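Working notes, structure below.
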2 protein chains.
Amino acid sequence: MAAKSTLRDRRRQQTARDIQRAALTLALRLGYDSVTTEQIAAEAGISQRTFFNYYLNKDAAIIGTAPSFADDTVAWFRESSGPLLGDLLKALRHLLCHADLDRGMSQLINRLLDEAPELLPIFYGSLKRLGDQIADLAVTRLGEDARPDAELLAQAISHALADTFRIWANDDAMSEGSIVDVTAAKLQTLRGFLEQV
Amino acid sequence: MAAKSTLRDRRRQQTARDIQRAALTLALRLGYDSVTTEQIAAEAGISQRTFFNYYLNKDAAIIGTAPSFADDTVAWFRESSGPLLGDLLKALRHLLCHADLDRGMSQLINRLLDEAPELLPIFYGSLKRLGDQIADLAVTRLGEDARPDAELLAQAISHALADTFRIWANDDAMSEGSIVDVTAAKLQTLRGFLEQV
DNA sequence: GCACGTTGATGCACAGTATGCAATATTTGC
DNA sequence: GCAAATATTGCATACTGTGCATCAACGTGC
């Protein structure tokens, strides 16, 4: 799952980042709608056709590619018998530990989201992939019948995580390690609301 | 906010439904990707240009237009001092009461979602509009500072509501009145998960 | 280091989405 | 009925996204 570290793969990853950076800076300068995929490709030094080899669409280029759970994390989760939410958060911790987060890029995304809130659905939608993975994990414990409930939980978690990312990106004093802690706190706030029936 | 019941508005609403029905049946018959907006327009008896006067894009035509809270519901909510979640659910009850739900159309949507799960994001995304309204309501109680938390709560509510709609559409024995009850139950299940840290 | 298989980059053609604009038809309010 | 307001439509156009064929670059086994 990790990069194979051959020249080809390193270049591939570099190009993917170049494209994302180009997309973000151009969108910040000219507005997301005004920027064309052709411009982004030009700025990244590739052809438009190659742009679509890297990202399925313009949205995806802005957000970049979300990380996935490592196989051993999944294996650990299936075996563990701790409390569900606690274990899910631990799995997230592993994920974030191995993914090397780029605060600079996150800040660009944040600035763009501030200027163009209509892009928020894209942002949250991008976390859907991660949310699906969380739901899959939860289903291994709850059983397939509970998938809708697992998805509801997973969606709440990934939403809270997305919020936390925005906080982290804008607060240099905040460590990567505390991301999941803040997410957990947000989820407890949510729990509080759900009790007020 | 409700239809002004002038000839023009009745026609407008009828055309909107015709388009949605055309979009759904064609998508079910031929597959969502294969259907073009031109085909949908033809099936609905209008021009392609008019199609885009009614819906901003192809996705929106499939989902239709989500209802909004009535002004008096909003007014009531601001004055009420009941528990937050309870009042939000009451507001939803009012909303569903006044919106005339079309089970047939909902069933079509459901069948389509079963065949093409890749459309689920569109479906949940369409509830974002409703989620935003719920968040706005909640913010009138919690204050603007708590908007991220309000949005987290609102998103959980609208997700649970969307799930419930799917159940309701496929279960003729289920009454409209019990929709919010089932939604509330789902939210309590979620609360249970959030306690398992 | 060389030849061969694999993978990536690119140009081109093309179908489809979506918007602006101007002309035309329909509805409404008076 | 008539004028103002609003809806529908055709047309031109910009842009997104895909399939396909070709060419260049890399990796591998020898």
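Quick one: in region A:176-191, of everything that is more than 9 Å from chain B (Cβ to nearest Cβ) and either closer than 15 Å to B:E151 by Cβ or open to solvent by 60 Å² or more (accessible area, probe 1.4 Å) (or both), which residue is farthest from the chain's Cα centre (by Cα)?
Taking region A:176-191 as the starting set, the residues that turn out to be more than 9 Å from chain B (Cβ to nearest Cβ) are A:176-183, A:185.
Narrowing the set further to residues that are either closer than 15 Å to B:E151 by Cβ or open to solvent by 60 Å² or more (accessible area, probe 1.4 Å) (or both) leaves A:176, A:181, A:183.
Numbers: A:E176: 14, A:D181: 17, A:T183: 14 Å.
Going through the qualifying residues, I end up with A:D181.
Could you say which residue among A:L113, A:L119, A:L96, A:L108 is touching a residue at least 40 places away in the same chain (Cβ under 8 Å), over 19 Å from A:D181 (Cα atoms) and away from every other protein chain (no Cβ under 14 Å)? Walk me through it before giving the result.
On the way: A:L113 fails: away from every other protein chain (no Cβ under 14 Å); A:L119 fails: away from every other protein chain (no Cβ under 14 Å); A:L96 fails: over 19 Å from A:D181 (Cα atoms).
Only one candidate passes the filter, namely A:L108.
Would it be correct to say that A:I19 is of a type in the set (A, V, I, L, M), touching a residue at least 24 places away in the same chain (Cβ under 8 Å) and part of a helix (DSSP H, G or I)?
yes
Residues checked against (1) more than 14 Å from B:L112 (Cβ to Cβ); (2) near DNA strand C (Cβ under 8 Å from one of its atoms):
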residue: B:R11; (1), (2): yes, yes
residue: B:R17; (1), (2): yes, no
residue: B:Q20; (1), (2): no, no
residue: B:A27; (1), (2): no, no
residue: B:A44; (1), (2): yes, no
residue: B:Q48; (1), (2): yes, yes
residue: B:Y54; (1), (2): yes, no
residue: B:I62; (1), (2): no, no
residue: B:P67; (1), (2): yes, no
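Looking at B:D114, B:D18, which is the one that is open to solvent by 30 Å² or more (accessible area, probe 1.4 Å), over 25 Å from B:D136 (Cβ atoms) and at pLDDT below 95?
After ruling out the rest, the residue left standing is B:D114.
Looking only at residues that are open to solvent by 100 Å² or more (accessible area, probe 1.4 Å) and out of contact with any helix residue (DSSP H, G or I) (no Cβ under 8 Å at 6 or more places or on another chain) in region A:21-48, which one is farthest from A:G104 (Cα to Cα)?
Selected residue: A:D33.
Being away from DNA strand D (no atom under 16 Å from the Cβ) and of a type in the set (G, A, S): is that true of A:G45 here?
Taking the combined requirement at face value, the residue does not satisfy it.
Answer with yes or no whether A:R129 is closer than 20 Å to B:A146 by Cβ and open to solvent by 10 Å² or more (accessible area, probe 1.4 Å). Explain how you work it out, then say what you get.
On the way: closer than 20 Å to B:A146 by Cβ: no; open to solvent by 10 Å² or more (accessible area, probe 1.4 Å): yes.
So A:R129 does not fit the description; no.
For A:L190, are the conditions met, namely being outside the structural domain of A:D33 (by TED's automatic domain parsing), farther than 30 Å from A:V35 by Cα and modelled with pLDDT of 95 or more?
For A:L190, the condition - outside the structural domain of A:D33 (by TED's automatic domain parsing), farther than 30 Å from A:V35 by Cα and modelled with pLDDT of 95 or more - is met.
The values are calculated or read from the model by the stated rules, or taken from the named source; none is laboratory data. Since the structure is predicted, the reported quantities are computational estimates derived from the model, not experimental observations. Positions of Cβ are generated from backbone atoms using ideal geometry, with glycine treated the same way; all protein chains shown enter the neighbour counts. Only protein heavy atoms, including side chains, enter the accessible area calculation; ligands, DNA and RNA are left aside. Shrake-Rupley method; radii C 1.70, N 1.55, O 1.52, S 1.80 Å.
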